[in-house]
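Here's the structure, in structure tokens; my notes come after.
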Amino acid sequence: MPVSDRKHFARRRQQLMQAAGEGSILILPAAPERVRSRDTYYPYRQDSDFWYLTGCDEPEAVLALVPGRKHGEAILFCRERDLEREAWDGARLGPERAIAVLGLDDAYPIADIDDILPGLLEGRRRVHYHLGRDADFDLKLIGWINRVRAQVRQGAQPPQEFLELGHLLDELRLFKSADELRLMQHAAEISVEAHRAAMRAARVGMHEFELQAELEYVFRKHGAQPAYASIVGSGANACVLHYRDNAAKCRDGELVLIDAGAEYAGYAADITRTFPANGRFSKPQRALHTLVCAAQAAALAQARPGVPYEAGHDAAVATLAEGLLSLGLLKGRLEKVIANGDYKRFYRHKTGHWLGLDVHDVGEYRIDGASRLLEPGMVFTIEPGVYIPPDDTSVAAQWRGIGIRIEDDVLITREGHRVLTAALERSAEDVEGLMAG
């Protein structure tokens, strides 16, 4: 790990400890390994908070941050080196190397945590921790605190408060540094290439999983992996927001919706494009695709500092509702259609979400009951869509079973915004041109 990377993690730890203040202790366990079947495991993915503060991708580890501690503030408990196990599972960092490689103040074997952590808790007034996220670790932490409480008559001072760690850490993670943005831009560029590969490969008669393979080959080729389960929905499957099967055949005259993004160095991209399996939009498909593009443009126009986050969603809803009225898919007055939520028949979700180490990243959307204002360094998606159920007999047959979503990743800058995924073809004409090429 480059020295510059260690400095980034150290800076984040210092920012977090400064926000917590002296008299506090912050405790973060690594993500546990998860059994897939019997004695095999799912591919390991580190807890995002733990990664953000350490850059350590090993399980069975705990980070303790103790602001103001004279003998070192950043302490890691991790697995010891074990040549026998490493021959089976790969190299381990070990406590000795952890200090130098990760830039920590001290490190101990995870086997010694029961003996050491109660001493770190003693004399600290506040414990910042994600209570309820890991029930097994909750019990361990409570046990350590009870051991300190049992020594009160001998002068021990146990913590008096439990505070949710996310109140401090989520706000740090919401605002991306220049180093984080470089990684996110790279994840976006890999994702753009992957979506292009899938659109170019698309043919009538292909299975959805074949297009998924085209996407994920590009991810892996560039040292990335899927940031979430790739969605490849053809025909009416595109109307299922979290479609998972990816098993149907792409039929002539149908659209294909792909919602997929690469994760690079822990950071996610999130892109959706919708395109015709045969390379040409039908007239109804083109009309709805153009409408969704217009809704995205309306939301994007609100992406600038000082504007409420929800303004983008409101702009997209107004554009979609007006367009659905003009196409005859909704009836009534625009104001009533919006106020009554009639548009939700065809647009059921919000227009975006924060993006970062998690594809649905941390951060409050509302503060004191009001939509928070956008600020430089925030990254989020803009993803309006229209979904006409295949069995909705209240609309003409030409519209039924059409599902369209268009999604891009947007950074708020001092001047306005930058679309990290802008390079990927978006309009119906550009999509057709890419597929023809």
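The values are calculated or read from the model by the stated rules, or taken from the named source; none is laboratory data. Just so you know, these numbers come straight off a predicted model, no measurement behind them. Backbone-built Cβ (ideal geometry, glycine too); neighbour counts: all protein chains shown. To get the accessible areas, we keep the full protein, side chains included, count just its heavy atoms, and leave off ligands, DNA and RNA. Shrake-Rupley method; radii C 1.70, N 1.55, O 1.52, S 1.80 Å.
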Normalise the Cα radius of gyration of the range 321-437 by 2.2 N^0.38 Å (N = residues in it) and let me know the number. 1.29
Cα centre as origin, Lys/Arg/Asp/Glu Cβ charges: the chain dipole, Debye: 760 debye
In Å and from the alpha-carbon atoms only, list the Rg and Dmax of the range 74-215. 23.1, 77
Pop out the carbon and sulfur fraction of the accessible area of the range 192-310 as a percent, whole number, probe 1.4 Å. 51 percent
Within 13 Å, Cβ to Cβ, of M17, how many net charges do the neighbouring residues add up to if Lys/Arg are +1 and Asp/Glu are -1? +3
In terms of Cα to Cα distance under 30 Å, which lysines are near enough to K336, apart from those fewer than 8 places away along the same chain? K283, K344, K350
Positive-end residue, the chain charge dipole about Cα centroid, Cβ charges, pick of Y387, L121, G377: Y387
Taking 8 Å as the Cα distance limit and 6 or more residues as the minimum spacing, I'd like the relative contact order of the chain as a percentage. 13 percent
Heavy-atom accessible area per residue - the chain, 1.4 Å, Å²: 47 Å²
For peptides 390-402, 48-60, sequence by mean Cβ density within 10 Å, most packed first: 48-60, 390-402
Pull out the extension gain between K221 and Q398, defined as 0.36 nm times the separation in residues minus the alpha carbon to alpha carbon distance; nm, one decimal. 59.7 nm
Starting from the Cα of D179, step 7 Å toward the Cβ, then list every residue of the range 266-287 with an amide N under 19 Å from that point. 266-268
Can you send over the carbon and sulfur percentage of the accessible area for the range 37-188, probe radius 1.4 Å, protein chains only? 51 percent
Full-extension gain between H71 and L373, please, as 0.36 nm times their residue separation minus the C-alpha to C-alpha distance. 104.6 nm
D105 and D314 label points (each 7 Å along its Cα→Cβ direction) are spaced in nm at 4.7 nm
At 25 °C and a viscosity of 0.890 mPa s, what translational diffusion coefficient does Stokes-Einstein give for the chain, taking Rh as the Kirkwood radius over Cα pairs? Give it in µm²/s as a whole number. 102 µm²/s
Whole-angstrom gap from the range 137-192 to the range 195-242, using each part's C-alpha centre: 35 Å
Grab the Cα-Cα distance for E96 and D252, subtract it from 0.36 nm times how many residues apart they are, and report the gain in nm with one decimal. 50.1 nm
Folded to 0 to 90 degrees: helix 3-20 orientation relative to the chain principal axis, Cα: 80 degrees
